[in-house]
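Read the structure below first, then the notes.
The values are calculated or read from the model by the stated rules, or taken from the named source; none is laboratory data. What you see is a predicted model; the values in this text were computed from it and never measured. Virtual Cβ from ideal backbone geometry, glycine too; neighbours counted across all protein chains shown. Keep in mind that these areas ignore ligands, DNA and RNA; they rest on the heavy atoms of the full protein, side chains included. Shrake-Rupley method; radii C 1.70, N 1.55, O 1.52, S 1.80 Å.
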Amino acid sequence: MLSALTRFIFIVSLAFIAALIALNSWGEIPAIAAGIAILAIPLVYSYINLARLRKYALSDSVESMPLPSGFWEEVFFRLQRLVRNLKQQIRVIEQQHDRFIEAFQASPNGIVMLDDRDQIEWCNAIAERFFGLNFKRDVMQRINFLIRRPEFIQYLNRRQFDEPLLLERMGVDDNLSLMLQAFPFGEKRHLLLVQDVTDLQKADAMRRDFVANVSHEMRTPITVLMGFLETVQSLDLKRVQQDQYFDMMMSQAQRMKSLVEDLLTLANLESNTLPAPLQPVQIPTIMALLKNDAEALSQGRHALNFEIASPCLLLGDERELLSAFSNLVSNAIRYTPDIGSVSAKWSVNAQGQGEFSVSDTGPGISSEHLPRLTERFYRVDRSRSRDTGGTGLGLAIVKHIANRHQAQLLIESVPGKGSKFTLRFPKERVGN
Ligand code: ADP
């Protein structure tokens, strides 16, 4: 490739020679014209290529344009390479950017990027849902105009972001609890991270309720027990009266013992997340034990009926199954007034599922209570439950045991007529 200076000398020499020849042959004016014509050739060539370059530059397809030959080839070639490299770099950066956005979108937490004036630069879909934002609409809006909660505005203004902020009753249905914290980054920018803590808050509230309930349940018999002890200590009672007090103290102690036992049973069930084992349990054996306990509890006050419609094996944990079945039977006896009847039945339905059901002719339960019956300490009739030694934990225990055996607890009840509690086991747990 010739250098620019060589080309220049070559053209000028050519123009000079052409001018000389023209001068000798036709005179001065043709000589000047010949010289100018030769000198104009590279100018025209350059002008044409400049025009092409402009056209391609405007059409944004510099890389695809055909290369001219000669001096301009190198210019075009280098330009094309530069544009191609730049485009490649932009593509890589765009891909990285897209990946970051995808990662932020995949986060289960809300993310909002704020600039130095607390304007929203970017937020993910979760943040949009949490705060009712719309990124396209709200981009570059100040966040304190969009989230109008006073505690949030105070948090933002105070500029002390070491501690998170809990926002309750958020979301479209006001049912979300959100934990939010701002983290500084870049130049006076902030990243808002928002976590949905609704379930944690609920679990915490449940734990607090549970502790309050247990304390309350324990305090009552302890207070009564202490009252009796003071009476026995301070009064000069006759032997018969003392015995009466001791009996009453014993029943309060018994109540505490039942409560602690039920709490331990629940704690054990809750700590065991595995399904119940598949040990073969003989239904006739279980029914015989249940019948004995029922007769002792009823003491002849009820008509009792125990029936095995399909003798078979149930695969599960014998101790747990006995505990669940006897809770249902003892509830039926405890809540059914004297002369009423209680029936317990084991059968296998048309789908091969095993069913243990207990029906009674007791007071029944109105429908609004049914969904809550298996909650811990939920009672329809508080005094009847206490009078009959109930802890309020029986059905919670039954429900846990049912879950461990993949069984369903079905409750049908008509107020004033009676109730039927059924444990339905999957056919995989029914053996021959
Ligand atoms: P409790 O120890 O109070 O019996 P449970 O968890 O076993 O606790 O039962 C919860 C509540 O369900 C009881 O307090 C009672 O009001 C109601 N209940 C349970 N079984 C029956 C039944 N067979 N008939 C009427 N009410 C019942």
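Values as computed for the structure displayed
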{"item": "Sole exception among (1) closer than 23 Å to R255 by Cβ; (2) near the ligand (Cβ under 9 Å from one of its atoms); (3) of a type in the set (A, V, I, L, M, F, W, C) for F421, by number", "result": "(1)"}
{"item": "Failed condition for S357, given (1) closer than 23 Å to V380 by Cβ; (2) surrounded by 15 or more Cβ atoms within 10 Å (Cβ to Cβ); (3) out of contact with any Lys or Arg (no Cβ under 6 Å at 6 or more places or on another chain)", "result": "(3)"}
{"item": "Criterion violated by E375 - all others in (1) over 24 Å from R301 (Cβ atoms); (2) away from the ligand (no atom under 12 Å from the Cβ) satisfied", "result": "(2)"}
{"item": "Failed item in (1) exposed (fewer than 13 other Cβ atoms within 10 Å of the Cβ); (2) farther than 30 Å from A15 by Cβ; (3) in contact with a Leu (Cβ under 8 Å, 6 or more places away or on another chain), with F77 passing the rest", "result": "(2)"}
{"item": "The range 377-395 residues that are at positive phi, paired with ones that are modelled with pLDDT under 85 and within 6 Å of the ligand (Cβ to nearest atom) (beta carbon under 6 Å, 6 or more apart)", "result": "none"}
{"item": "Odd one out for L315, checked against (1) touching a Pro at 6+ places or on another chain (Cβ under 9 Å); (2) more than 24 Å from K427 (Cβ to Cβ)", "result": "(2)"}
{"item": "Residue match in the range 210-228 (condition: among the acidic types (D, E) and either open to solvent by 50 Å² or more (accessible area, probe 1.4 Å) or at positive phi (or both))", "result": "no"}
{"item": "Long-range neighbours under 6 Å by Cβ, at least six apart or interchain, first residue assigned to a helix (DSSP H, G or I) within the range 33-56, second open to solvent by 50 Å² or more (accessible area, probe 1.4 Å)", "result": "I38/L14"}
{"item": "Qualifying residue in the range 332-348 (condition: without any contact (Cβ under 8 Å) to a residue 24 or more places away in the chain and either under 27 Å from G316 (Cβ atoms) or open to solvent by less than 30 Å² (accessible area, probe 1.4 Å) (or both))", "result": "no"}
{"item": "Yes/no for L313 being open to solvent by 20 Å² or more (accessible area, probe 1.4 Å) and in contact with a strand residue (DSSP E or B) (Cβ under 6 Å, 6 or more places away or on another chain)", "result": "yes"}
{"item": "Given (1) closer than 27 Å to F100 by Cα; (2) out of contact with any helix residue (DSSP H, G or I) (no Cβ under 8 Å at 6 or more places or on another chain); (3) not hydrophobic (A, V, I, L, M, F, W, C), index of the condition N144 fails", "result": "(2)"}
{"item": "The range 324-376 - residue that is charged (D, E, K, R) and within 15 Å of I401 (Cα to Cα) and, of those, nearest to the chain's Cα centre (by Cα)", "result": "E375"}
{"item": "Of all residues in the range 385-405 being assigned to a helix (DSSP H, G or I) and either within 7 Å of the ligand (Cβ to nearest atom) or aromatic (F, W, Y) (or both), the one that is nearest to Q252 (Cα to Cα)", "result": "S385"}
{"item": "Residue satisfying condition, being closer than 30 Å to N124 by Cα and not small (G, A, S), within set I32, I101, I38", "result": "I101"}
{"item": "Residue selected from the range 180-203 under the condition open to solvent by 40 Å² or more (accessible area, probe 1.4 Å) and outside any strand (DSSP E or B), by the criterion nearest to R158 (Cα to Cα)", "result": "K188"}
{"item": "Number of the condition not met by L395 [criteria: (1) of a type outside the set (D, E, K, R); (2) modelled with pLDDT of 95 or more; (3) open to solvent by 40 Å² or more (accessible area, probe 1.4 Å)]", "result": "(3)"}
{"item": "Restricting the range 229-279 to residues that are of a type in the set (K, R) and under 15 Å from G394 (Cα atoms), the residue that is surrounded by the fewest Cβ atoms within 10 Å (Cβ to Cβ)", "result": "K257"}
{"item": "Neighbours by Cβ (under 6 Å, 6+ apart or cross-chain): first from the range 202-231, of a type in the set (D, E, K, R); second part of a helix (DSSP H, G or I)", "result": "E217/L259"}
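Residue-by-condition table, conditions (1) part of a strand (DSSP E or B); (2) more than 10 Å from the ligand (Cβ to nearest atom); (3) under 17 Å from L393 (Cβ atoms):
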{"residue": "E320", "(1), (2), (3)": "no, yes, yes"}
{"residue": "A324", "(1), (2), (3)": "no, yes, yes"}
{"residue": "L328", "(1), (2), (3)": "no, no, yes"}
{"residue": "R334", "(1), (2), (3)": "no, no, yes"}
{"residue": "K345", "(1), (2), (3)": "yes, yes, no"}
{"residue": "Q351", "(1), (2), (3)": "no, yes, no"}
{"residue": "E355", "(1), (2), (3)": "yes, yes, no"}
{"residue": "L370", "(1), (2), (3)": "no, no, no"}
